[in-house]
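S.K.: Below are the structure tokens for one structure; questions will follow.
The values are calculated or read from the model by the stated rules, or taken from the named source; none is laboratory data. Quantities reported herein were computed from a predicted structural model and do not represent experimental measurements. Quick reminder, even Gly has a Cβ in these numbers, built from the backbone with ideal geometry, and neighbours come from all protein chains shown. Heads up: the accessible areas ignore ligands, DNA and RNA and are worked out on the full protein's heavy atoms, side chains in. Shrake-Rupley method; radii C 1.70, N 1.55, O 1.52, S 1.80 Å.
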Amino acid sequence: MTLTTMTWRRREMVRWLVSCATEIGVQALMNIMQNWCSLFTPIEATTIVAVTGTTHATLLRLNLDFAQREEICSCARTVAVQCARRDPQNCALSALTLCEKNHAAFEAAYQIVLESANAGMGHSHLFTVARYMEHRGLLLRAYKLATLALSHLNIAFNQDTHPAVNDVLWACSLSQSLGKSELAALVPLVIQSVQCAPVLSDILRRWTLPSLPSRRSAGKILSTDKAPLCQLLDAAIAAYISTTHSRLTHISPRHYTDFIDFLCKAHETFLLAPNGHLQFSQFLENLKQTYKGKKKLLLLVRERFG
């Protein structure tokens, strides 16, 4: 009766019902799992019913033999996959966790995630599942999901505190650990999804530093004057130039100090290019000509950069 009109007590009552079924016996527990569609939402069925029904404590209380344990765990996995198909965004990770010990069920849940990536699953959920895959040692699958997440992401020029920034940096580290071809394939996706200059320059710095000792690519330092990083460097410089003009259009004196700090970060990124010093000098000259009416700001620019 409350399946479509949630009440604050409903979650408590779902737990109570599972507890009652466990007390009655295995058939009662199987019954509510097999009929989950008429009793529970997909989230309730995966995170409460299927999980509680297969915990070590529940299986001990039911005093089941091996065949019965397998039967109830199989039922829980079937529920998990069905729920993931019904509500992949909220149930996919729970389904993968429940299906870990069964290859076929795990594969089914993983395929649902891949299909859902092209049908509207958000980047945050995809990154969450990708990190889970990495934790399980499935690095290539983690990478695949990370690339799908990036294709759904857009970090605008002024979103340097976007909640997905850490996920993007993680994906970049993962690609570097896998090898140059994976990193090269990720670069165009990063350029497409990230327009924020400071984030692009942060990625560049991480990729041009030696990898962590634990990574297979440890010790390899990537160069910004060769593919694939030269394209990323060009994108970062272009982002700094366009963002500078955007900021200067409506800048007020109280933001001048922040703007000079922004130019300092831009300068660091320009210097990663072989002719970076010349490029930055030309960029500053262009600013001085275009915004010569902003005398106080240009004075600060000259004091800092000459």
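S.K.: Taking Cα atoms, how many degrees apart are the long axis of helix 103-117 and the longest axis of the chain, rounded to 10 and kept between 0 and 90?
M.R.: Approximately 40 degrees, to the nearest ten.
S.K.: As a check on your grasp of the helix formula, calculate [θ] at 222 nm for the chain: sum -39500 (n - 2.57) over DSSP H runs of n ≥ 4, divide by the residue count, round to the nearest 500.
M.R.: Helices in the chain give a 222 nm mean residue ellipticity of -22000 deg cm²/dmol.
S.K.: What whole-number distance in Å separates the alpha-carbon centres of the range 230-306 and the range 44-99?
M.R.: 56
S.K.: Test of understanding: in a Gaussian network model of the chain with alpha carbons linked when under 10 Å, which of Ser252, Ser151, Ser74 would top the mean-square fluctuation ranking?
M.R.: Ser252
S.K.: With a probe of 1.4 Å, find how much accessible area the range 10-98 has per residue, and write the answer as a whole number in Å². Walk me through the numbers on the way to the answer.
M.R.: Details: 4420 Å² over 89 residues.
Using a 1.4 Å probe on heavy atoms only, each residue of the range 10-98 averages 50 Å².
S.K.: Could I ask something else about it? Place +1 on the Cβ of every Lys and Arg and -1 on the Cβ of every Asp and Glu in the range 47-88, take the dipole about the Cα centre, and give the residue among Ser74, Ala50, Pro88 whose Cα lies farthest towards its positive end.
M.R.: Pro88
S.K.: Also: How high is the relative contact order of the chain, in percent, with contacts defined as C-alpha pairs under 8 Å that are six or more residues apart?
M.R.: Answer for the chain is 9 percent.
S.K.: Picking from Leu299, Ala185, Gln282, whose Cα lies most toward the positive end of the charge dipole for the chain (charges on Cβ: Lys, Arg +1; Asp, Glu -1)?
M.R.: The Cα lying farthest towards the positive end belongs to Leu299.
S.K.: Something else about it: Measure nothing fancy, just the Cα-based angle from helix 66-86's long axis to the longest principal axis of the chain, in degrees from 0 to 90, nearest 10.
M.R.: On a 0 to 90 degree scale, this one is about 50.
S.K.: Hey, what's the range 241-292 come to in accessible area per residue, 1.4 Å probe, Å²?
M.R.: 57
S.K.: Which whole number of Å³ per residue matches the convex hull of the alpha-carbon atoms in the range 55-114?
M.R.: It comes to 74 Å³ per residue, whole-number rounded.
S.K.: With a sphere of radius 15 Å drawn around the Cβ of Asn154, what net charge do the other residues whose Cβ falls strictly inside it have (Lys, Arg +1; Asp, Glu -1)?
M.R.: Neighbourhood net charge equals -2.
S.K.: For the chain, give me every cysteine whose Cβ has no other Cys Cβ within less than 4.7 Å, ordered by residue number.
M.R.: Lone cysteines by the Cβ rule: Cys20, Cys37, Cys73, Cys75, Cys99, Cys172, Cys196, Cys230, Cys264.
S.K.: Calculate how large, on average over all directions, the projected area of the Cα convex hull of the chain is; give the answer in nm² to one decimal.
M.R.: Average projection, Cα convex hull of the chain: 21.0 nm².
S.K.: Compute a Gaussian network model of the chain, connecting alpha carbons closer than 10 Å, and tell me which residue from Ser281, Ser173, Ser94 fluctuates the most.
M.R.: In this elastic network of the chain, the residue with the biggest mean-square fluctuation among Ser281, Ser173, Ser94 is Ser281.
S.K.: A follow-up question, please. Could you work out the local net charge near Val113, counting Lys and Arg as +1, Asp and Glu as -1, over the other residues with Cβ closer than 15 Å to its Cβ?
M.R.: +1
S.K.: Please give me, ordered by residue number, the GluC sites (Glu not before Pro) of the range 74-180 that lie in loop per DSSP and have at most 15 other Cβ atoms within 10 Å. Working shown, then result.
M.R.: On the way: sites: Glu100, Glu107, Glu115, Glu134; in loops: Glu100.
Answer in residue order: Glu100.
S.K.: Accessible area of the chain with a 1.4 Å probe: how many percent of it is carbon plus sulfur? Numbers along the way, then the final one.
M.R.: Details: 8750 of 16000 Å².
Ligands and nucleic acids excluded, carbon and sulfur give 55 percent.
S.K.: Compute the acute angle (0 to 90°) between the alpha-carbon long axis of helix 165-178 and the principal axis of greatest extent of the alpha-carbon atoms of the chain; round to the nearest 10°.
M.R.: It is inclined by approximately 90 degrees.
S.K.: Another question, if that's okay. Please tell me which of these pairs span more than 28 angstrom C-alpha to C-alpha: Lys144/Lys265; Lys265/Lys294; Lys226/Lys265; Lys265/Lys288?
M.R.: Details: Lys144/Lys265 32 Å; Lys265/Lys294 21 Å; Lys226/Lys265 22 Å; Lys265/Lys288 18 Å.
Going by Cα-Cα distance, Lys144/Lys265 fall outside the 28 Å limit.
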